Each structure stands twice: as structure tokens, then as C-alpha cells.
1. Among DSSP beta bridges whose residues both lie in the protein assembly as shown, state the antiparallel percentage, nearest 5.
2. Counting alpha carbon pairs within less than 8 Å and at least 6 residues apart, what relative contact order, in whole percent, applies to chain C?
3. How about the stretch A:131-213: which GluC sites (Glu not before Pro) there are in a DSSP loop, with at most 10 other Cβ atoms within 10 Å of their Cβ?
4. Under a straight-distance cross-link criterion of Cα-Cα below 19 Å, which lysines are reachable from A:Lys150, leaving out those fewer than 8 residues away in the same chain?
5. I need A:Phe120, A:Phe165 ordered by Cβ neighbour count within 10 Å, fewest first.
6. Tell me what chain C gives for mean residue ellipticity at 222 nm when only DSSP H runs of n ≥ 4 count, each as -39,500 (n - 2.57), the sum divided by the residue total, rounded to 500 deg cm²/dmol.
7. Given only helices, namely DSSP H runs of n ≥ 4 each adding -39500 (n - 2.57), what is the per-residue ellipticity at 222 nm of chain A, to the nearest 500 deg cm²/dmol?
8. Work out which GluC sites (Glu not before Pro) in chain B are exposed loop sites (DSSP not H, G, I, E or B, at most 13 other Cβ within 10 Å) and give the longest gap free of them.
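Laboratory data are not the source of any read-out in this text; all were calculated from the coordinates shown. Please read all numbers here as calculations on a predicted model, not as lab measurements. Neighbour counts are summed over all protein chains in view; Cβ atoms, including those assigned to glycine, are modelled from backbone coordinates with ideal geometry.
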Amino acid sequence: MSNSTETESLPGQRFRERFPLLALVIERMLLSVLLLFAVSVLIFGGVEALPGDFASTYLGQSATPQAVANIRAELGLDRPLVTRYFEWLGGAVQGDFGTSWASRNSVSEQVGNRLGNSLFLAGFAAVIAVPLAVGLGMLSVHFRDRLPDKIINVISLAAISLPEFFIGYLLILYFAVNFGVATFPATVFEGMGLIERIKAIALPTATLVLVVLAHMMRMTRAAILSVMSSAYMETAELKGLSAWRAIVKHAAPNALAPIINVVALNLAYLVVGVVVVEVVFVYPGMGQYMVDAVTVRDMPVVQACGLIFAAVYIFLNMLADILAIVANPRLRHPR
Amino acid sequence: MPETSSNLLTVRNLKIEATSYPPGEPPKRITIVDGVSFDLQKGRVLGLIGESGAGKSTIGLSALAYGRGGAEITGGEVILNGTNILALGKGGIRKVRGARVCYVAQSAAAAFNPAHRLGDQVIEASVKHGLMTKEEARKRALYLFRVLGLPNPETFGDRFPHQVSGGQLQRAMTAMALCPNPELIVFDEPTTALDVTTQIDVLAAIKHAIEETDTAALYITHDLAVVAQISDDIMVLRHGRTVEYGSVKQIIEAPTQDYTRALVNVRQTARQEAPDQSKPLLKVDNVSAQYSNGFKVLHGVSLHLCKGQTLAIVGESGSGKSTLARVVTGLLPPSEGGITFDGKPLTPALKNRPREDLRRIQLIYQMADTAMNPRQTVRDIIGRPLAFYDGLRGAAKTARVKELLDQIEMGNGFIDRYPAELSGGQKQRVAIARALAARPELILCDEPTSALDPLVAEGILKLLMKLQEEQQLSYVFITHDIAIVRAIADSVAVMHRGRLVRFGPKSQALSPPFDDYTDLLLKSVPEMEIGWLERVLNTRRMESAGN
Amino acid sequence: MRLRDISITAWIGMIGIALALICAVFAPLIAPYGETEVVGGVWQEADAQFFFGLDNLGRDILSRLIYGARTTLFVALAATVISFSLGILLSFIAAVSGGVIDTVFSRFNDLMMSIPTLIFALVVLAVLPQHLVVLILVMAILDSTRVYRLGRAVALDVAVMEFVEAARLRGEGTTWIIFREILPNTLSPLLAEFGLRFAFSILFLSTLSFLGLGIQPPTADWGGMVKENKDGIIFGISAALVPGSAIAALAVCVNLVVDWLLKRTSSLKGGRGDA
């Protein structure tokens, strides 16, 4: 029987022992790159493997065999799958996503503008939602099982059950139509001033905040509660420390990592929420672009948007994991 | 006892209740502690002893006016230096906790905050209560680290909790409790989570530190032998009530209650060993094993067991004793060596092993709670091996289940109960019946009594020995308890860090000359004898002086 | 379990769900008008005859709501049942088998989950033909990744218990271990998860329909009804909010029941033996 399990001499192993934190972070980053690559295969290859011929869809009713063949050649669909995948991936890495079938325009140009708009909207929503959610979560823990906590619990439970479009139209009906204090649709264009822009996205931002707030708050509450019930919090209490000091000095450093994780996860959730909200408010972002493309089966646009959304999502998840790794005292101070 | 002014702590008629939430039933009020009274003078140690659920930790925490997990102090008085601390408000009790009364938890690993350095946590209470400046507190911490025999006391405080060993953490927690110069420390099973060879050091350190600082202490444990080393007085508790309360000498040497007597006398009989035979039933030949991550847990272990006999495997946690049992069952196939059972080689991996071989070797676990499916009745639990191995059905199966219940000395009334409706000892008996149902020749017992209270454990051991005699069973009995080994074994194997350090008939294995490890192990096991700790420490000091 | 142990909020939830179910089953009997029947003017105001008013084509909103319950509940329930069976089966196999099977299943699941569900659905629905079965399957498969993750965690919790090891040592097969040893001990959290997935399915289906990728007109469906009537909002006509409220109310009801189930599970686990 062989017994060659001596791995200590490997350079990777030694690096890991000397810099466990760095090694884990690098490992996590590499995993994300790998994941993104796999996702690209899934989005491109999976789509190709599914039934349904693009050329005939593209031509609609007027599809004669000759026309289909011509279109296939024109769109490059007659070449082998693998070749096309690597061309597509090569282009995507350099920011070139090909040409839209519907508009015959460059996908990248459209995406460039709209991605900025979407990130602005999601980012603005995050800036408001994150402190609010964490604050409410702490409040809820402070009043645990008392009236404020129960009220927050019921409201947040209701809020996570509301579809985004319902909240959106409710806000439009009241604030834009009935009271006229906000604008609809949320039109933004290049050269628009920041104040104008913020005014235009007030309602979509409010919708996103409401959508993500309840989730984030409930998860924050759970994260803090699990820290509060740990044995070292009992130790703090038995040391006669004040509640304030116990929370700030003993609970907070340990709750930080889970809360950061909650925030990052919900930011990833925002990225998706943006799709529906953009359609509701006719906001010129990535989400609306993608939904329009799906309706007309404009594959290059769908694939580009799918990949970009997935990339942002994967990036945020990676960020969450890395921050959690860095916040862990066991890894920061190795034996 | 009359209340005297010299009492540091007086507890009178303490009553503690909690609300329990039994599944599928409305919440119930339960009484955890009822009518407990005691006195403690300055500089003295009172041992609180009892089984799990006796309410001893709850009583200990009442000295800090603290109820854990929903426990509420609903009656009685806890008087500390003339003040009833139960009557103090939130602010008042905060001035007592961490300043005048400190607490040492069973699991220091969980009780220390992973985010802060040990030194900062040790001095925190002293500084925050304004008892000393940061500099003074640091100096005192350094002094305490020295007293408690911690390595590199100057830099020890710079470390994080996860960077030091369990025994060191427990001592650091003691330092944390001693730092503010409290009047009273509550030690809540401070050595229970430690191995015996580590326990003796921590015990010695705690004893030394208590003497040095002249602090009073409540010492909570389930081990009478441990408490005998450290206490002046002992209170024996059962089901939240006082059974007996007296000096250590009286409790150990002249107990008045049956329960105390049973605790003191448990397992002091030894069984005559059977002679070794030429054809062993189980033969482990030069077996090594490793986990899938390549970590080697067993190094060339060879031993054997004869039919109808008991082989006791002794060792501390991490010694590989349970792993050896897993290798025999096939759960962890050996990386080297082989196992012979009844003269034929045993298939290494479980999934390739013939059903007949599986039937002949059965395993009994330490925790009967987790070893039985909570959603099956006793009938299903014992009946399944009957159906699985022997194809018994219906009435024949029920008859056999009842027969087995008789063998384990439980009535037929238990047949339709779920495990949650049984006591700890009854669960372990059902687990034994499940093993018997397979008509085994060898039963591997993995610490089957260590989670049980001493009296219940004694009953289980007697049952196992009775069954051995009736059915010619062979046992591999894994334990860390030398007293059990003396009581039931024919042959003994001592394991340490994955290696077999000693193997042979009990009379040889447990008599000198010893190897270093067995010597250390045997000397570390607390004995039910006042002054044992001093004696061992003195011998050690002489030995090291002699070197 | 006795009836009086059920909390008030859970009762509200159950009544709401029952109401929706009754609408779904007896739609033709309850609905005052037909599903696609034009009975009056476009976006006619609500009155005694038309309880919620008329929609963008002059159809009775109440009737369409009742018929819509049928479609919405059926599709969401079908998707949840399939996703649940698939997720639980695969996750339990992974948890019990361990080794290569577990690794392959779990890595593939991680991959599927690294794409947001809605985005994944959009990409796939862009390619596939518009058909009810396709819609249900896409929803089910995407959702089963979430079920898988929970199922595996729950099953692993139980699979490491010694009674499962004892069954293995006895020589029991995988089927016995999954169905007799593990499943009975995981019912409570799984039931709660089923509710959670069902609520999510309702919202997800509505979102897809709202985006024009779910149920196709003229079939009534709550999400689709929001889409049909959304243009009325700018004129202050709240027709789109009626089906929106229905979706929200149903999801709230399901969540109320789930919340109660989860609390019950956790009090079973942590509520005793603290003395």
C-alpha cells in the first residue's frame, strides 16, 4: 500500500501556512474567476443547446429554407459552436459583445450607458437602505420580543411578500399621480444634472429600498441575535459590564462579519430587483434593455446582459466572502 | 445552621424555576432548585456535587444573581456580606458581578471573546469597575499568570483565545476571575472538558491560586474525587434538592445518605480476569489508519481479544481509541494492516462486508440519545435488526422484542414508547437490546456509561456483565475511566496519540513497571481520597528534584 | 398537535390560502362573468355590478381575479412540487452518498446559484418556446437549486447522527436510510421550506408574467393582469393594483403560516433541557 501523503514540501502548502489569510482570499478570487468562466459557458452553450432555431424565430412568418440559410450565414450561426463561443468570450473580455440582431447596433455601446444608469440607481438605493436596515435590525434586537420588535417583525414579513411592481405602482399612483410630488416615468439622459437625476429616480429608489430593506433587516437581526446568545456575551454580563459596553466592545466586533455578509448578499439581491423596477418606471437601464431583448429574442443582447448581471452578482458575493474572511480574528491572527 | 457574622455568603431557601416548552404541549413551569441553604466563610471552598440536572450550576450562578436560559430565582435569599443581592437593582448587581463575585465557566473556549486579546479580557472587569488602573491590573494579571503556571507569562496576555490550548484557556479564565481580587469565585466544572492528564495541572493551579489569594469559592462538579481535593465542605445535590451537606471528611469517610454512599462506593470492586487463549476471536494486526485528508490517526496497532472476554481500551481524547472501533466496524478502512475475526480476515470496508459479518459485530454508542432514531418506537428500534437479519415478522417479531426487553430488565410496557419518553439509562438499555437483537458475538462499547450518572452507569455495567456470562459475549470496551477498567476488563490496551503504548492481561497492564505515559495517566486519575492531589504533587516535586 | 396551539396569525394565513384555493377550484361557479368576456367600457369604475370595475378591455376584474387564482395557484404549486421533489431527492442522495456524487451535485448547484434566478430565467425563456409546461419546468428547475441547498444542509445535520451510522453498520441500503431514518426527522423544516418556496413561486410567476414572459394572454393570471392594466396608473386608475394586492395578500398569508411553522420547529429544538 502506498503512503505518499507528504504534502508539506509543496510551495503552495508553505505559502498557505505562512499567509493563511492571503491564501484564502486569493483562493476565493480564483474561484470567482472560475465560476464566471463556467457561467459564461452555461449562458452561451446552454442557450445554444436548448431547442428553438434562432434563424426561423428571427425571420418569423416569412421563413423560407433559403432565407433561413442566408440568415444563419449572416449571423455566423453556421460555424461550429466552440469557435463561436471563444470568439464571443474573447470579445466579451475586451468589452465587445457583438451586434444586436434587432437594432443592428453595437451591444457594448448600449450596455455602457445603461449599466451606468443601473448601477447609479442600485447604488443610490443601497446608500439609503444599508444604514436604515442595520439600524432597524439593531433596534429590533434591542427591543427583542417587545412591542417595537413585534411591529417591525410583522411589517417586514408583509414587506417581503410584496412584489416589486406592486410597490412601484402603489408609489406611482400616490406620489406621482395623486399628489404630484414625484415624477413618472423616471427618464434620465446624458448631461442631466445630479440633482435632476436624483429627483427623477426618487420613486424607483424608494421602491428598491422598500424591497430590500425588510430582507436585510431580518437577516441583520438574526445575525446579531446569534452573537448575543453566545457564551462570551454571558461572560460580559457576569463581569458586570454595562449593556452599552457589552454590545460595543464584545458583540459588535463579532457581529461585523455576519452583518457585512448580509449587506453584500442583499446588494446582490438589489442587482436583480433593479430589472423589474426599471421596467415599472421605464428607466433606461440594463434591466429594461434585457427584458426588451428577451421579448424579441435578441440573443446577443440577452447573453451580454446575462453575463454582466451574473458577473456583478458573483463579484458582490465574492466581496462578501472576502470581507468575512478578513473580519475573522482566527484568520487574522494565525497560531 | 445559625447565621453568623463571619459568613461571606449565606444562601437561604433558594428556589429557582424556569418555563419549559415540551414538544406538542403547552409550556410548563418547572422547579430547578428547591429549598437549598448553605453558608460559606471567607477563604473557604464549598463543593457542589451532583448529576446533570441536579441544579448545581444554577445554584452557583445565583451567587451572581443570574439565571441562565430563562431560569428565574423565585424564592429565598442570597446574602453576600450582609446584603441580599437578589434585592439589588440592575445597577447594584452590576457592581457585584465581576468585582466581588466572579465566574469561571466550563468551556473557557466559548466564554472568551474570540475578537480580543486574552490580556485585555482578563483585566477588563478590574479596570471598568474602577478597582485598579490599567497598569496595576496588568501587573496583577502577570502575577496571576505566574501563579497559575502559564507559559511565557509576560507575553501570554498578547495572545488571542484560539491561539492557546484548552488547559491554558481554563487557567486564563481563572486568572480573569481572580484579577479584581473578588471575595468569591464560582467555578463551574472548570476541568470537566479537559483530559485527565491536563485536569490535574489545572486543578493544582486553581487550588494554589485560591490559597495564595485567600478567596472563597463555590466549586461545582459531578466528580466527587475532584471535589474532595479542593473543597473544605461538600453539598450533595439531586433533582434540585440537598441530599447531604457536611465537611469533606464526613462526606467521603462517613456519608449518612444512601445516595452519597453510592457515589462514594461506586466501582470499587475488581473482577477476576480470565486467562488468555490461543485462538482469539478478534485479532487486530499492525493496523494503521488515516482520515481522507491524509491525517494519520492510528499507527501500527496490534491487539487481540478472546471469546467471552472483555478488552478495555483506555486513552484520552485524541488517543485513537474510538477510531480503532471505527476501523473494526469498517467505517474507516485501515490504510495498513488487517483484522481477523473468528479466524477469517474481515473485509476492510463496510460497504463490501457480508451481512453475516455485520450481524456478528455490533456497536453501542456513548450517547444513546443520538444513537436511536427519535421518530421510531422501541418496538421499531429493537425490531429492525430482527427483521433485517432474521426476517422475523408480525407476532414472532413482537414476541422476540418482548424477550429482549426482559433481558435488559425493562418491562413490556416500554414497547410503544419513543426514545424521548425514556430516561438516559433506559435509552442505553434499549441500545443494548438493539445490539443483542442481532445475536452478536462481539460488541464494541464506545464509552457507553460516561454520559450517564454514576448509579445508572453502575446498573448498565452490571447488565453488560450479566449478558456476557449468559451469552458468552465478547466486549471491546472503550473508556477513559480506569475504575471501570479495573471492574470489568480481562485485558487492557492503553493508547496515546494513535499508538498502542501498553497491552496485556489486566493484572500485568495495570501493575508496575509502567511506561511513562501509563504512569502519568494512572497517577492523574483523581482518587476518592482526601489529600490525594498534594500527595501526587509532592511525589512529582521530589522526582523532579531527584533528576 | 391541537387546533388551539395554532397562533392567530397562522389562522389568518390558513384562511387566506383556503379562500384562494376555493376560488381556484370553483372559479366557473363563483365568478359572475366569463374569464375573457367583455362586459362594458374600458376601465369602467367599480360599482355594485362590477365589484372591482372593468379592465383595459372592458372585462370584469373580479371574475378575472377568480379565474386568475386558478392559473396562478396551479402554476406556482406545480412548480413548487416539482422543484421540491427534485431538490430534496438530489440533496438527500448527495448527503447520504457523500464523496464524488456530493461534490459534483453541490458544485453544479453552486454554479446554477451563481446566476441570479430572474436573470437565468430571462436567458432561458428567451430561447425556449412559450408554453405552460416550459414555464413550470424552468421555474421548478431554477428554484430546486435553493431547495437543494437547504435539503442538503438539513439532511447532513441528520446524516451525521449516530442512528444513521447505526443503520449503515446494520447494512441498510440508501433507500431505507433516506426514507426511514432521515426524512421523518427533517419534515418540520422541510414543510416550512415548502411554504417559503411556494410564496416565492407565486411572486416569481407574477414577476415573469408582469414582464410578459409568464402566462400569455388572454388567460387570466394575477401578474399578467397587472401588466395589462399598468398603463391606467398614470391616469389615476388603480385597476392594476387589485391583482397586485391579491398577489401580496396570498404571499403574506403563506409567509404567516411559514413563520409559525419555523417558530414551532425552533422551539422544539431549543426550548427544552436548559436546566
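1. Numbers: 48 of 86 bridges.
Approximately 55 percent, going by the DSSP bridge assignments.
2. Working: 369 pairs, mean separation 67.1, N = 275.
The normalised contact order for chain C reaches 24 percent.
3. Values: sites: A:Glu164, A:Glu190, A:Glu196; in loops: A:Glu190.
Qualifying residues, ordered by number: A:Glu190.
4. Candidates past the 8-residue exclusion: C:Lys263.
5. Working: A:Phe120 17, A:Phe165 24.
The fewest-first ordering by Cβ neighbours comes to A:Phe120, A:Phe165.
6. On the way: 10 runs with 184 residues, N = 275.
One gets -22500 deg cm²/dmol as the mean residue ellipticity at 222 nm.
7. On the way: 15 runs with 234 residues, N = 335.
It comes out at -23000 deg cm²/dmol, rounded to the nearest 500.
8. Details: sites that count: B:Glu3, B:Glu409, B:Glu529.
So the longest stretch without any such site is B:4-408.
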